[in-house]
1. Of the conditions (1) surrounded by 13 or more Cβ atoms within 10 Å (Cβ to Cβ); (2) outside any loop (DSSP other than H, G, I, E, B); (3) without any contact (Cβ under 8 Å) to a residue 60 or more places away in the chain, T230 clears all except one; give me its number.
2. Just give me the residues in region 151-166 being of a type in the set (G, A, S), more than 19 Å from A217 (Cβ to Cβ) and open to solvent by less than 10 Å² (accessible area, probe 1.4 Å), in sequence order.
3. Please find, within region 71-103, the residue that is least open to solvent (accessible area, probe 1.4 Å) out of those that are of a type in the set (F, W, Y) and closer than 18 Å to P49 by Cβ.
4. From the residues in region 47-65 that are in contact with a strand residue (DSSP E or B) (Cβ under 9 Å, 6 or more places away or on another chain) and assigned to a loop (DSSP other than H, G, I, E, B), which one is surrounded by the most Cβ atoms within 10 Å (Cβ to Cβ)?
5. Go over the candidates R68, R12, R17, R21 one by one and state the one that is at pLDDT 95 or above and either loosely packed, with under 10 Cβ neighbours inside 10 Å or of a type outside the set (S, T, Y) (or both).
6. Can you tell me which residue within region 175-203, out of those that are charged (D, E, K, R) and loosely packed, with under 15 Cβ neighbours inside 10 Å, is farthest from E218 (Cα to Cα)?
7. Quick check on my filter: what residues within region 71-110 are modelled with pLDDT under 95 and not in a strand (DSSP E or B)?
8. If you go through region 104-127 one residue at a time, do you hit one that is closer than 25 Å to G174 by Cβ and open to solvent by 10 Å² or more (accessible area, probe 1.4 Å)?
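The values are calculated or read from the model by the stated rules, or taken from the named source; none is laboratory data. Predicted model only: the values in this text are computed from it and were never measured. Note: ideal-geometry Cβ built from the backbone for every residue, glycine included; neighbour counts use all protein chains shown. These area figures cover heavy atoms from the full protein model, side chains too; ligands, DNA and RNA do not enter into them. Shrake-Rupley method; radii C 1.70, N 1.55, O 1.52, S 1.80 Å.
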Amino acid sequence: MIENDVHAGAPRSFEPRFASRVPGWLEGTVVAAVFVLIAVILWLVMQNPGPLVVQVIDDARHPVIDARVKCAGPDGKEFTGLTDVFGEAKWPGLAKGVWTCEALPPVRFFAAPRQGYATVIARKPATWVAMFERPGRASVEVLRPQGAVRAAPAVRAVCEGGDTWEARAGVLDGRVTLWIPHGSRCRVGLVRPELPRATPGPVTDSRLSCVTLPCSAEVSASVGEQIDVTLRPTPEQWAQARPPPEPDTP
């Protein structure tokens, strides 16, 4: 019996035909080589050195911004940088081995640089944490004599050991913050300014003119402590300490 040109009793079969004429053993070799290459690439990626991270914090675990960090590696190379808003300085892809790092906080900490070590290995970051104690600070209010011309007088803190800090009081509120080493005995007073108004910091002249200008008694602050100081100049003292007028900016 024949139905649709096919014998009813004949077995039905499908014979696939491939377009490729490459021998099967060669195709298998290529596939195996691809897998080996992928494995080698993954192994090399796993051997990449992790980043070197130096974190600078204070005793309250807050990040210290703009601390200067310098690291030297086993290959003799050196890298320097400033800490970011997270208190970190980072370098990826450095040579594996022991790195020697040095951290120096901003000058308001009155601290010497500290040294530490970190070992760069594969994959994992090498981290060294440097901690510095917070300085004290004096919140100074300069009371302008009644009727006197407004100005931004300079206020200076002079501490034992020669540490100083100078800043300019606000024109309207007469307030200023001075950083002082914690535990040191300091005096605060009005002075003729040595630094420009926009750059508070240490000065070369570590003296106060307490005979002619108002000064505070000796004060001190512990780690991170704030103390309040009030200076009451007379009209004559205000005129003597008042800085010259600043030029108009175009």
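1. Unmet for T230, out of (1) surrounded by 13 or more Cβ atoms within 10 Å (Cβ to Cβ); (2) outside any loop (DSSP other than H, G, I, E, B); (3) without any contact (Cβ under 8 Å) to a residue 60 or more places away in the chain: (3).
2. Initial filter on region 151-166 (of a type in the set (G, A, S)): 151-152, 154, 157, 161-162.
From the residues that got through so far, the ones that are more than 19 Å from A217 (Cβ to Cβ) too are 151-152, 154, 162.
A152, A154, listed by residue number.
3. Within region 71-103, the first condition is being of a type in the set (F, W, Y), and the residues that meet it are 79, 86, 91, 99.
Adding the requirement that they be closer than 18 Å to P49 by Cβ leaves 79, 91, 99.
On the way: F79: 66, W91: 32, W99: 1 Å².
This residue is W99.
4. Among residues in region 47-65 that are in contact with a strand residue (DSSP E or B) (Cβ under 9 Å, 6 or more places away or on another chain) and assigned to a loop (DSSP other than H, G, I, E, B), the one surrounded by the most Cβ atoms within 10 Å (Cβ to Cβ) is V64.
5. Details: R12 fails: at pLDDT 95 or above; R17 fails: at pLDDT 95 or above; R21 fails: at pLDDT 95 or above.
Just one listed residue meets the conditions, R68.
6. Our first condition is that a residue be charged (D, E, K, R); within region 175-203, this holds for 175, 185, 187, 192, 194, 197.
After this cut, where a residue has to be loosely packed, with under 15 Cβ neighbours inside 10 Å as well, the list is 175, 185, 194, 197.
Values: R175: 19, R185: 6, E194: 22, R197: 25 Å.
Only one residue fits best here, namely R197.
7. Across region 71-110, the qualifying residues are G73, P74, D75, G76, K77, P92, G93, L94, A95, K96.
8. First, the residues of region 104-127 that are closer than 25 Å to G174 by Cβ: 107-108.
Then keep just the ones that are open to solvent by 10 Å² or more (accessible area, probe 1.4 Å); that gives 107-108.
Within region 104-127 (the criterion being closer than 25 Å to G174 by Cβ and open to solvent by 10 Å² or more (accessible area, probe 1.4 Å)), the answer is yes, since at least one residue qualifies.
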